[in-house]
1. Just need a number here: residues in segment 126-135 that are touching a helix residue (DSSP H, G or I) at 6+ places or on another chain (Cβ under 9 Å) and free of Cβ contacts under 8 Å to residues at least 60 places away in the same chain.
2. For segment 22-120, please list each of the helices (runs of 4 or more DSSP H) lying entirely inside it that holds at least 3 residues being within 30 Å of Lys12 (Cβ to Cβ) and either over 19 Å from the mean Cα position of the chain (by Cα) or without any contact (Cβ under 8 Å) to a residue 40 or more places away in the chain (or both).
3. Which of the residues belonging to segment 1-21 are assigned to a helix (DSSP H, G or I), more than 27 Å from Arg108 (Cβ to Cβ) and either polar (S, T, N, Q) or in contact with a Ser or Thr (Cβ under 7 Å, 6 or more places away or on another chain) (or both)?
4. Please work out which residue is nearest to the chain's Cα centre (by Cα), limiting yourself to segment 121-149 and to residues that are small (Gly, Ala, Ser) and surrounded by 12 or more Cβ atoms within 10 Å (Cβ to Cβ).
5. Restricting attention to segment 51-62, does a residue exist that is at pLDDT 95 or above, within 24 Å of Ile147 (Cβ to Cβ) and of a type in the set (A, V, I, L, M, F, W, C)?
Amino acid sequence: MTVKDIDRKILKLLQEDSRRPFRKIATDLKISEPTLYNRVKKLQEEMVIESFTTIINPDAVGFPYLAFIMLTVEPSKEEDIINKLSAFPEILELHLIFGEKNILMKIRCQDINSVRNFITNKLRAINGILKTESYLAIKTKKETHIIPI
């Protein structure tokens, strides 16, 4: 699917506030509601819009600890390791990367002991992880899901 200018405008407004009423978006963009509805439906079908969700303040729900963990893994076990890691709810992001390290993950935990337990009990139980490197964030200055369309 080619993302047209009108689609980009729709996506920008939805990223800012996905609860914004379609009537308001249609009015702002000077298009009809049915046209807007059809464009959004098409963007969903084409997986340009993957989902609508609620972004929760992690501190407010008791998950203030943010850590980034880099893994060096045996290349032959990379796919199996990724599948196992994907099951852990602590992991918010999981990326394959180039370089000495193979995997980068972003995790959220309730306290420093939870971070330590995640590394020592969950990660070390996975066969094929050769090395872990952990970084605990002391303050987050910017965290967003908004793509600059």
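1. So in segment 126-135, the residues touching a helix residue (DSSP H, G or I) at 6+ places or on another chain (Cβ under 9 Å) come out as 126-129, 132, 134.
Still in the list and also free of Cβ contacts under 8 Å to residues at least 60 places away in the same chain: 126-129.
Qualifying residue count, segment 126-135: 4.
2. Numbers: elements: 22-29, 33-45, 78-85, 112-117.
Helices (runs of 4 or more DSSP H) meeting the threshold: 22-29, 33-45.
3. none
4. Let us first name the residues in segment 121-149 that are small (Gly, Ala, Ser), namely 125, 128, 134, 137.
Narrowing further to those that are surrounded by 12 or more Cβ atoms within 10 Å (Cβ to Cβ): 128, 134, 137.
On the way: Gly128: 25, Ser134: 19, Ala137: 17 Å.
Of everything passing the filter in segment 121-149, Ala137 is nearest to the chain's Cα centre (by Cα).
5. Within segment 51-62, not a single residue is at pLDDT 95 or above, within 24 Å of Ile147 (Cβ to Cβ) and of a type in the set (A, V, I, L, M, F, W, C).
Here's the yes/no breakdown for (1) surrounded by 10 or more Cβ atoms within 10 Å (Cβ to Cβ); (2) at pLDDT below 95; (3) closer than 25 Å to Ile91 by Cα:
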site	(1), (2), (3)
Thr2	no, yes, no
Lys12	yes, no, no
Ser18	yes, yes, yes
Arg23	yes, no, no
Asp28	yes, no, no
Ile31	yes, no, no
Thr35	yes, no, no
Asn38	yes, no, no
Leu66	yes, no, yes
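The values are calculated or read from the model by the stated rules, or taken from the named source; none is laboratory data. Keep in mind it's a predicted model, so treat the numbers as computed, not measured. Cβ atoms come from the backbone with ideal geometry, glycine included; neighbour counts cover every protein chain shown.
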